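A short worksheet on the structure shown next.
The values are calculated or read from the model by the stated rules, or taken from the named source; none is laboratory data. None of the values given here were measured: they were computed from a predicted structure. Counting neighbours? That spans all protein chains shown, and the Cβs are built from the backbone with ideal geometry, glycine included. Remember, those area values only see protein heavy atoms, side chains included, never the ligands or the DNA or RNA. Shrake-Rupley method; radii C 1.70, N 1.55, O 1.52, S 1.80 Å.
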Amino acid sequence: MSAAARRIASSISCPSISTVLRSSSSFTLGGRIAGVSSGIQRLSTAAAALEEPITPPVQVNYTKLLINGQFVDSASGKTFPTLDPRTAEVIAHVAEGDAEDVDRAVAAARKAFDEGPWPKMSAYERSRILYRFADLIEKHNDEIAALETWDNGKPYEQAALGEIPMFARLFRYYAGWADKIHGMIVPADTPHHVQVLHEPIGVAGQIIPWNFPLLMFAWKVGPALACGNSVVLKTAEQTPLSALVVAKLLHEAGLPDGVLNVVSGYGPTAGAAIASHMDVDKLAFTGSTATGKIVQEMAARSNLKPVTLELGGKSPMIIMDDADIDKAVELAHFALFFNQGQCCCAGSRTFVHERIYDEFVEKAKARVLKRVVGDPFKKGVEQGPQIDEEQFNKILHFIKSGIEGGATLVAGGERHGDRGYFIKPTIFSDVKDGMEIAKHEIFGPVQSILKFSDLNEVIKRSNASQYGLAAGVFTQNLDTANTLMRALRVGTIWINSFDIFDAAIPFGGYKMSGYGREKGIDSLKNYLQIKSVVTHLKNPAWL
């Protein structure tokens with residue numbers, strides 16, 4: 001835990017935050033479910049009025065593109081505004097990169113890979129730079145967290161005490177791997193010496209989303225650098241600021257120029273240029289399934305570069321009839337509403353057994369009515385604004401479709417306040433599988449509660465989705481848990497927990513939730529080539 005995080009923690013009485021801080025190797029997003037087995041702890045239930053916004057305790061110092069180690073204007077000179085979602089007011093104008101800027105960034109990355117010191121230096125030295133970077137992140141924890149909250153709208157406590165420490169942890173994890181990537185000597189049937197080498201793939205193009213800007217930065221940049229690659233990263237146009245700050249710190253830690261290049265801009269221009277670039281050797285994308293299809297097509301039509309995709313989800317959260325209902329309500333509440341519901345793996349289909357359904361709905365309503373919505377810089381706030389007007393309107397559209405489709409509106413269902421992009425946390429009951437709110441990824445604070453009667457039924461209904469990213473299971477029966485963990489066709493299953501993200505745990509999806517894995521040892525495979533070297537042996541002593 002950073003010194004900055006300790007200072008913040010000392011002024012916060014919320015026991016759920018200390019739950020996050022006690023964990024040195026894993027991160028429960030939001031921190032409030034790590035101790036389900038020992039009782040649920042909750043933030044203050046006092047209402048947080050939408051008063052005059054708190055002035056963020058940070059300045060915006062970097063708004064240009066980072067190319068070849070220098071902050072530069074876009075070639076066109078264009079900029080775009082990044083907005084404070086609390087107020088819809090402009091925070092700063094950021095350089096708008098497009099195809100010409102991507103060309104410059106790729107050229108810098110190519111030169112850094114082909115001629116520069118990064119892939120040629122010892123793996124140990126690369127690891128030392130990544131470790132120094134993690135130290136700098138901890139040193140600047142407070143200001144990075146404030147910038148993330150300002151640009152994104154997520155609660156400051158969540159960013160400062162959970163996400164930024166996890167960012168540092170992820171880079172330490174990959175720093176530890178840098179000098180442990182090695183190949184094999186394999187036996188052959190003939191007199192030949194056979195080496196299998198693992199080599200960096202080259203220039204990695206990476207496109208990250210806006211819901212977890214820094215964690216997605218770490219998930220992609222960390223393994224790419226550990227393997228010795230160079231990177232061209234496009235940030236989401238909604239949240240470009242924090243990546244520029246941490247990229248500056250990475251260069252302070254000793255990263256050579258050109259190894260990491262950051263281009264801010266829009267998907268159809270800068271993103272498309274990276275995906276279709278003939279000199280980008282590998283592409284990684286996190287975002288919607290619809291955009292993932294476009295990205296994959298562009299990669300295939302250019303130089304057939306390999307692609308990893310982490311895409312959308314509509315995760316089932318299954319509450320069995322043997323559940324402790326109070327704990328199950330809290331867990332399901334967290335699984336959906338954390339990060340304003342803006343999580344690809346959110347438990348957005350809450351399946352509840354018919355024997356406990358009515359009681360669950362009533363208690364879920366009571367919990368959601370206590371949820372604290374307000375300025376994310378305010379202590380105790382659980383839910384800030386949605387990211388922007390487009391997402392705000394999309395969520396309200398889904399809420400309207402739920403009402404018109406025949407679901408029962410239990411709570412919420414409308415805007416919160418009259419400024420910014422706040423939405424009241426919303427619950428629907430009597431939801432059917434065919435309804436829009438049950439089929440599509442809402443990416444907002446809208447919980448759909450569905451009723452089921454037996455295990456085989458809920459397995460079939462849970463799997464009847466184009467998505468397969470994650471699932472949650474709440475049960476006291478080991479046999480039930482074992483059945484569901486094998487039967488559900490998803491990449492991650494949390495049992496009596498949710499959103500546990502350890503640096504070593506791989507994350508990714510089945511079906512149209514993408515392919516490839518982030519985090520863990522499997523993420524390194526995304527950024528390595530395999531080369532077989534066969535040498536003839538004359539009069540070998542042994543084979």
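Under the Karplus relation 6.51 cos²θ - 1.76 cosθ + 1.60, θ = phi - 60°, what is the ordered set of whole-Hz ³J(HN,Hα) values for the stretch 255-272, x standing for Gly and Pro?
Karplus values, whole Hz, x for Gly and Pro: 5, x, 4, x, 6, 10, 10, 10, 10, 8, x, 9, x, x, 10, 5, x, 5.
Would you please state which residues of the stretch 144-178 a label at D135 would reach in this model, taking the label point 7 Å out along Cα→Cβ and a backbone N cut-off of under 17 Å?
Under cut-off, by backbone N: 168-176.
By how many degrees, 0 to 90 and rounded to 10, does the Cα axis of helix 325-337 deviate from the longest principal axis of the chain?
That helix lies at roughly 50 degrees to the long axis.
In whole percent, what relative contact order does the chain give with Cα contacts below 8 Å and a gap of six or more residues? Kindly include the intermediate steps, with their values, before the conclusion.
Numbers: 1257 pairs, mean separation 102.3, N = 543.
Relative contact order here is 19 percent.
Stretched out fully, how many nm does the piece from T87 to I500 gain, at 0.36 nm a residue minus the Cα gap?
Working: separation 413, 0.36 × 413 = 148.68 nm, distance 3.15 nm.
Stretched fully, the T87-I500 segment lengthens by 145.5 nm.
Place a point 7 Å from Cα of T79 in the direction of its Cβ. Which residues in the stretch 149-169 have their backbone N less than 18 Å from it?
Counting backbone N atoms under 18 Å from the label point, the list is 151.
Report, to the nearest 10°, how far helix 164-178 tilts away from the longest principal axis of the Cα atoms in the chain, using its own Cα long axis and a range of 0 to 90°.
It is inclined by approximately 30 degrees.
Relative to the present Cα-Cα distance, how much length would full extension add between T535 and R355 at 0.36 nm per residue of separation? Don't jump to the answer; show the numbers that get you there.
Values: separation 180, 0.36 × 180 = 64.80 nm, distance 6.82 nm.
Difference between extended and current length: 58.0 nm.
Per 0.36 nm of contour for each residue apart, how much would the distance between E362 and L197 grow if the chain were fully extended, relative to their Cα-Cα spacing? Don't jump to the answer; show the numbers that get you there.
On the way: separation 165, 0.36 × 165 = 59.40 nm, distance 5.88 nm.
53.5 nm is the gain from fully extending E362 to L197.
With a ≥ b ≥ c taken as the square roots of the eigenvalues of the C-alpha gyration tensor of the stretch 191-322, please select rounded if a/c is under 1.5 and otherwise prolate if a/b is larger than b/c or oblate if it is not?
Values: a/c = 1.41, a/b = 1.20, b/c = 1.18.
It is rounded, given that a/c, with a ≥ b ≥ c, falls under 1.5.
Taking the Cα of N61, stepping 7 Å toward and past its beta carbon, and measuring to each backbone N in the stretch 255-276: which are under 14 Å?
none
Say R0 is 41 Å: what FRET efficiency, to the nearest 0.05, do L543 and M485 get from their beta-carbon distance? Don't skip to the answer; put the middle values down first.
Working: r = 44 Å, r/R0 = 1.06.
My answer for the efficiency is 0.40.
Separation between the N393 and Y124 pseudo-spin-labels, each 7 Å from Cα along Cα→Cβ, expressed in nm?
Each label point lies 7 Å from its Cα, and together they span 5.8 nm.
If you take every residue apart from G69 with its C-beta less than 12 Å away from the C-beta of G69, what net charge results, scoring Lys and Arg +1 and Asp and Glu -1? Don't skip to the answer; put the middle values down first.
Numbers: positive: K111, K248; negative: E252, D257.
Counting the neighbours of G69, the net charge comes to 0.
Taking 7 Å along the Cα-to-C-beta vector as the label spot, tell me the E252-K370 distance in nanometres, rounded to one decimal.
Inter-label distance under the simple model: 4.2 nm.
Provide the percentage of antiparallel DSSP beta bridges, counting only those with both residues in the chain; round to the nearest 5. Kindly include the intermediate steps, with their values, before the conclusion.
Values: 34 of 73 bridges.
Given both bridge residues lie in the chain, the antiparallel proportion sits at roughly 45 percent.
Classify the stretch 56-98 as rounded, prolate or oblate from the Cα gyration tensor: take a ≥ b ≥ c as the square roots of its eigenvalues, call it rounded if a/c is under 1.5, otherwise prolate when a/b beats b/c and oblate if not. Provide the component values of the computation, followed by the final result.
Numbers: a/c = 3.68, a/b = 1.64, b/c = 2.24.
Oblate shape, in that a/c is at least 1.5 and b/c is the bigger or equal ratio.
Helix-derived [θ] at 222 nm for the chain: sum -39500 (n - 2.57) over DSSP H runs of at least 4, divide by residue count, nearest 500?
Values: 17 runs with 190 residues, N = 543.
One gets -10500 deg cm²/dmol as the mean residue ellipticity at 222 nm.
Can you list residues from other chains, or at least 5 along the same chain, whose modelled amide H is less than 5 Å from the amide H of T492?
Excluding prolines and chain starts, which carry no amide H, the hits are A470, A471.
Ignoring any ligand, DNA or RNA, what whole percent of the accessible area of the chain comes from carbon and sulfur when the probe is 1.4 angstrom?
Its accessible area is 52 percent carbon and sulfur atoms.
Quick one: accessible area per residue over the chain, 1.4 Å probe, rounded to a whole number of Å²?
Numbers: 21050 Å² over 543 residues.
Here the per-residue accessible area is 39 Å².
Under 16 Å Cα to Cα from K511, which aspartates and glutamates show up? Leave out anything in the same chain fewer than 8 places away.
Those aspartates and glutamates meeting the cut-off are E310, E441.
Tell me, what HN-Hα J-couplings in whole Hz come from the Karplus equation 6.51 cos²θ - 1.76 cosθ + 1.60 at θ = phi - 60° for each residue of the stretch 138-143, using x for Gly and Pro?
Once rounded to whole Hz, the list reads 5, 4, 9, 3, 4, 5.
With a Förster radius of 41 Å, plug the Cβ-Cβ distance of I521 and D103 into 1/(1 + (r/R0)^6) and report the FRET value to the nearest 0.05.
On the way: r = 34 Å, r/R0 = 0.82.
The computed FRET efficiency comes out at 0.75.
Report ³J(HN,Hα) in whole Hz for each residue of the stretch 56-61, in order, from the Karplus equation J = 6.51 cos²θ - 1.76 cosθ + 1.60 where θ = phi - 60°; Gly and Pro get x.
x, x, 7, 10, 8, 10
If a/c stays under 1.5 just call it rounded; otherwise compare a/b with b/c (prolate if a/b is bigger, oblate if not). Do that for the stretch 386-543, with a ≥ b ≥ c from the square roots of the Cα gyration tensor eigenvalues.
Details: a/c = 3.13, a/b = 1.93, b/c = 1.62.
Prolate.
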